Amino acid sequence: MRAVVVGGGIAGLTAAIALHDRGVDATVYERVEDVAGSQIGAGLGLAYNATRVLRRLGLLDRIAEGGARCHRFEFRSWKGNLLSAWTVPPSEVQLGITRQALHRILVDALPAGSLVAGKTCVRFEQEPSSVSAIFEDGTSAEGDVLVGADGLRSTIRAQIRGSEPPRYAGFSVLRTVVPVGDDAALPADVFRLLWGKGGCLGMYHVGPGLVYIFGWVKGPEGEHVPRGQRKQTLQQRYRDWSPEAAALVELSTEEAIHQTDIYDRKPLDDWGEGRVTFAGDAAHPMTFNMGQGACQGIEDAVVLARHLSTASDVPAALRAYESERRKRADKFTEMSSRVSKMSLMDGWRSSLRNLLLKGVGKRISRGEKMLMVDLY
């Protein structure tokens, strides 16, 4: 069996790795020339539902070396008062890592010749026994299955389900990675989220001597802080917040601060069609507020590989994969949307929200079974 994977993001790369691990030939086609280098300065969290998969694929040790372990989560008020805290179970691994570092590891894990860069997919064509991705340069790639892992504005998804625009979540995020020393304002194993009025500021380590900070406030779509004014904006926005906020912002550099509008999509009743399916943000784009965007794409990868590795009927195997994944991914999408709305509360609503957050640590600890899954 041969799989054509369109999109060299986390879901697409992990899908190809998982397929090869199961004995399925897979090639990733990505529009950019430098898959890892094109990832801008941002971090991401890998919860233990994802690290369980990565361990089974033999990648966890390398990823842990390039990232940073997290043992404690904290919700605090914007002034630094502790609202709630919980710890990662001792048997599990929670990591922070930069997107560039993770992409390099995933690219290196692919067999030689399994990644073709500089290929922009414009459509697909399928026959009863095959499917082909058609590229902008006039070339094509044929396989038994096509996986659309081409992100939020997926060409593959649009051809099947229409080109409806994604939903703007009501905010954009200013984010950067800053260098820190041994005396960092944030403990090395702590994820901390400060809940403010109309927005939040998050921070966690993503590698040796690196902290990822990301802050957001509600605002109109496309209304960005001009280049050259972003550090000043962060300094003004967080100068009266908990002291570590200002300390970390001070370490940032203007050119390394990026601003991104945040989107998701309403969950689909059905994903693919025939020999075509979706994975990652092409299937279920969600806001980052549950820390599950990349993790759900990694889950997609291993479940897809499991179904295809024993398939005698490819379309039936894809529908089985979609059926297994859709309900769980949709739940995280909806939860992420709810939390994003909570994060934007201001006035008395933010005070009430922070009061309610005081009990969230215990509820999260009771709900850990959502992350303790073995999908391999």
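Every number in this text was worked out from the coordinates using simple rules, so none of it is lab data. Keep in mind that what you see is a predicted model, and the values were worked out from it rather than measured. A quick note on method: Cβ atoms are made from the backbone with ideal geometry, for glycine too, and the neighbour counts reach across all protein chains shown.
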For K341, which lysines qualify as cross-link partners when the Cα separation must be under 25 Å and same-chain residues fewer than eight apart are set aside? K79, K197, K218, K266, K327, K331, K358, K362, K369
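Hey, can you rank 2-14, 267-279 by average C-beta count inside 10 Å, highest first? Mind showing how you got there, number by number?
Values: 2-14: 27.5, 267-279: 21.4.
The densest-packed peptide leads the list: 2-14, 267-279.
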So, by mean Cβ neighbours within 10 angstrom, what's the order for 62-69, 208-215 with the highest one leading? 208-215, 62-69
Just going by the charge dipole of the stretch 164-237, with Lys and Arg at +1 and Asp and Glu at -1 on Cβ, which of V190, V177, P165 is farthest out on the positive end? P165
What residues have an amide H closer than 5 Å to that of V116, excluding those fewer than 5 places away on the same chain, when H is modeled at 1.01 Å from N in the peptide plane? V28, Y29, E30
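Given +1 on the Cβ of Lys and Arg, -1 on the Cβ of Asp and Glu, and no further charges, what dipole in debye does the stretch 40-188 carry about its Cα centre, rounded to the nearest 20?
Dipole magnitude for the stretch 40-188 comes out near 640 debye.
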Let me spell out the model: positive unit charges on the Cβ of Lys and Arg, negative unit charges on the Cβ of Asp and Glu, origin at the Cα centre of the stretch 1-69. What dipole size does that give, in debye rounded to 20? 340 debye
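Tell me the net charge near D150. Cut-off is 15 Å between Cβ atoms, D150 excluded, with +1 for each Lys or Arg and -1 for each Asp or Glu. Intermediate values should be presented prior to the final figure.
On the way: positive: R31, K119, R123, R153, R157, R161, R265; negative: E30, E136, D281, D300.
Net of charged neighbours comes to +3.
Run through the DSSP bridge list for the chain and note the antiparallel percent, rounded to the nearest 5. Before the final figure, lay out the partial values.
On the way: 49 of 70 bridges.
The answer is about 70 percent antiparallel.
With runs of 4+ DSSP H residues as the only contributors, calculate the mean residue ellipticity of the chain at 222 nm using -39,500 (n - 2.57) per run, divided by the residue total and rounded to the nearest 500.
On the way: 11 runs with 127 residues, N = 376.
The helix contribution divided over the chain gives -10500 deg cm²/dmol.
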Rounded to the nearest Å, what's the spacing between the alpha carbon centres of the stretch 241-311 and the stretch 110-164? Just the number, please. 20 Å
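Evaluate the charge dipole of the chain about its Cα centre and quote only its size in Debye, nearest 20, assuming +1 on the Cβ of each Lys and Arg and -1 on the Cβ of each Asp and Glu. Could you put the intermediate results ahead of the total?
Values: 47 positive and 44 negative charges, 342 e Å.
Computed about the Cα centre, the dipole is about 1640 debye.
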Mind checking which of A26, S77, A50 is farthest towards the positive end of the stretch 18-96's charge dipole, using Cβ charges of +1 (Lys, Arg) and -1 (Asp, Glu) about the Cα centre? S77
Where does each of 332-338, 154-160 land if you order them by average Cβ count within 10 Å, highest first? 154-160, 332-338
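Tell me, in nm to one decimal, what length is gained between S309 and Q236 on full extension, where the rule is 0.36 nm per residue of separation less the Cα-Cα distance? Don't skip to the end; give the middle numbers.
Values: separation 73, 0.36 × 73 = 26.28 nm, distance 5.38 nm.
Taking S309 through Q236 to full extension adds about 20.9 nm, to one decimal.
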Taking the chain as the reference, fit the longest principal axis to its C-alpha atoms, fit the long axis of helix 10-21 to the helix C-alpha atoms, and give the angle between the two in degrees, 0 to 90, nearest 10. 50 degrees
